Amino acid sequence: MTLHEDEDSTAWIAREAARLVVDSGLEYDAAKKKAAKTLGRRGTPRAQLPSSEAVEDEVREHLALFCADTQPAELATLRQLALTVMKRLTVFRPHLAGAVWRGTATRLSAIVIDLYCDDPKSVEIELLNQGVAYDVDSGPSGPSGATWDVLTLSLPCPAWHQRVPVHLVIHDFDDLRGALRPDSRGRSWRGDLARLQQTMGANNAQPLKEPTQPPTQEQRHEP
């Protein structure tokens, strides 16, 4: 494959990944891998895939073309839901991440909140004390090869008549400083409670409906 063909295929992967992010709610890494597989480049090394910034550029273009009438209100609704959770978990230094923080989320997007604490089990204990139901999983390995515990909640969103997944990603407290490094364009990958409120205040879009509190164990299994 020539350099020109490689550049063309990388651009195509970025566009296809963006479509998967918007239309299927995939996270960027999963979307890039699926797009590469569609192109016949399964197992493409991470370094040869488009950057997350490149995919995000394509996502914003896709949203502007196809979702301009609906996406701002959907994003506002998801941010309000995220705010509800973060206020209840302030002791764990919550930082909103992913598409909801970066402003590209739709109703298919999950909410991702990074938590930073010395004892990962303390988050589970707090959720149990609050009567909040959750599932336990582990996140993909990062550059260092480490994995993270992920606690997944399911929040009801009456305006959409559906539940919204919320992934609480548990990090060591010492990881917080590195997590605040910006991307290659100087934009933050995540924001704390104060920055989220500031961002929401500067945005004119309104959520579709005031969200409810996270469900209890009994509520979660209601139809």
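See the values below:
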| read-out | value |
| --- | --- |
| Residue selected from the range 204-223 under the condition part of a loop (DSSP other than H, G, I, E, B) and farther than 23 Å from C67 by Cα, by the criterion modelled with the lowest pLDDT | P223 |
| Single unsatisfied condition, F92 versus (1) surrounded by 17 or more Cβ atoms within 10 Å (Cβ to Cβ); (2) in contact with a Leu (Cβ under 8 Å, 6 or more places away or on another chain); (3) farther than 16 Å from V169 by Cβ | (3) |
| Where P140 falls short, out of the listed (1) at pLDDT 85 or above; (2) under 16 Å from the mean Cα position of the chain (by Cα) | (1) |
| Check on A159, modelled with pLDDT under 90 and more than 16 Å from the chain's Cα centre (by Cα) | yes |
| Selected residue (criterion: modelled with the lowest pLDDT) from residues of the range 163-182 that are surrounded by 12 or more Cβ atoms within 10 Å (Cβ to Cβ) and over 15 Å from the mean Cα position of the chain (by Cα) | L180 |
| Selection within the range 46-61 - of a type in the set (S, T, Y) and either over 11 Å from D29 (Cα atoms) or outside any helix (DSSP H, G or I) (or both) | S51 |
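The values are calculated or read from the model by the stated rules, or taken from the named source; none is laboratory data. Just so you know, these numbers come straight off a predicted model, no measurement behind them. Counting neighbours? That spans all protein chains shown, and the Cβs are built from the backbone with ideal geometry, glycine included.
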